[in-house]
Amino acid sequence: MRLATTLSVLVLGAGGVGHAVVTSLDGGIGRVDPFRDMKNRPQGSRGTNILLVGTDGRDRITPEEKQKYRLGGAPCHCTDTIMMVHVSAERDRVSVVSLPRDSYAEVPEHTDEATGEKHPRHPVKLNAAYAEGGPSLTVRTVESMTGLKIDHYLEVDFTSFMKTVDVVGGVQICTARPMKDSYTGLDLGAGTHQLNGGEALQYVRSRHTDGSSDLGRMQRQQRFLAALIEKATSNGVLLNPVKFREVASSLLSSVRADEGFGMEEMLSFTAAMKNFTPSSSDFTTVPLGQLAFPVKGIGSTVKWDEAKAKKLFQLLHDDKPLAPHSPPKPAAPPAAKDAKPPRKDAGAVVEVAPEQIRVQVYNGTRTDGLGRRVDDALHATGFRTTRSPRTSANLDMHRTLIEYDPRWDHSVKSLALALPGSELRAVKGLGPTMKVTAGADFKDVVPVRAEEQPQGDFGTVTGDRVVCP
């Protein structure tokens, strides 16, 4: 979540900033060797692959800021955010793929550097690879999962995030609906907002604004990254050596990178990206197959869709865009009198996409197979059902019941629209997974869709489509 500012370094030098100004900042970068003694690595590919990881360090945040922005608690010494960034060989495009921190992973066989103890290959959540073996084991694990050779490694904590956002003058974010999260203190109304550093940190940390949890948070991180790039490339930061140095110094104070990735290398990237804009970037999350994959001793993990993920990473290997890079759509002209009405099967438009909503289905009747029928219908319209319907303790339900946590009151509106006539019941502490108990009144699921549709096979969006118009 703090990695938005890191990627902006790739564009900050594109405006002719003095070479001496940039290279003088190299000494502020902490160094790490994530590639030491690595063998049997994937073959290199066109373009450059950068692994960006965000750790949860918060040592330099003041007590006042911790209280105001809900930053209490001890750090876990693990990777809170992981992104694969691919810079095209022509330096005219960047693709960003978020890797969920709870992804099911298998760390390769390795030796503990501190104790010398050897560990065989074993399953973990992806973010635990860092806690177990640091940057090196994280790189090896991600290379094994993606089949991509990582060329550079960048690691950032969020202690400098707020200052960096403030230095660029804040970042503009647009929200289609109110967003509120009692855990982070985020409280935004619908509309356009100019976020300062602390507010931006709340925005990218929030997981409880709807039922999408970490998936929605990753999308907000991507949206924020696109907005930050737009700000950095449009407000003179690139052309102002003093401002550039101020921004870069703030960012680099908490960066760790491999020895081969210094300011000289960053400048060589940015010098070739003079026309870089949000439309030059695309963002997505690795395709997911199962959101609640249980692993003994680890708990619930997120399982990738192996076929789709392989296809996505092959596109990066071949240096191809993940989505069409087209100019923004012009405003629609007034409809002609003889214009055809919208297709009825297009689906009702909702605020929260069904793909972001988790659902557990129960059969509340004595009709065999009703739970499976409801699960299949909800899944077909995009809801993240568990695909394992259960039998309710009450088998005499006349009316379909939707139970939901009040914190996800926006998401439940999408589910209620898909199940018209259902009873809604708020249940505190239920969590992000909603409970649907099918009653005798169930007939069919009404298709619903979000207004903002992703592009391509991977739910990819280009940066110009997620920044404020």
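The values are calculated or read from the model by the stated rules, or taken from the named source; none is laboratory data. Remember, predicted model here, so these are calculated numbers, not experimental data. Because the Cβ atoms are built from the backbone with ideal geometry, glycine has one as well, and the counts that use them run over all protein chains shown. When the accessible area is computed, the model is the full protein with side chains, heavy atoms only, and any ligands, DNA or RNA have been set aside. Shrake-Rupley method; radii C 1.70, N 1.55, O 1.52, S 1.80 Å.
Take Asp181, Asp37 and sort them by solvent-accessible surface of the protein heavy atoms, 1.4 Å probe, largest at the top. Display every interim value, and only then the final one.
On the way: Asp181 5, Asp37 130 Å².
These residues rank, largest area first, as Asp37, Asp181.
For segment 82-162, the set of GluC sites (Glu not before Pro) satisfying both a DSSP loop assignment and a count of at most 15 other C-beta atoms within 10 Å is given as Glu90, Glu109, Glu113, Glu117. Note on Ser392: accessible area is roughly 20 Å² with a 1.4 Å probe, heavy atoms of protein only.
In this structure, the pairs whose alpha-carbon distance is over 28 Å, taken from Lys68/Lys428; Lys180/Lys320; Lys125/Lys310; Lys180/Lys231; Lys125/Lys231, are Lys180/Lys320; Lys125/Lys231.
For Lys68 and Val427, what is the calculated FRET efficiency with R₀ set at 51 Å and r taken between the beta-carbons, to the nearest 0.05? Let's see the in-between values first.
On the way: r = 31 Å, r/R0 = 0.60.
It comes out at approximately 0.95.
Between Glu355 and Ser144, residue separation times 0.36 nm minus the direct Cα-Cα distance comes to 73.2 nm.
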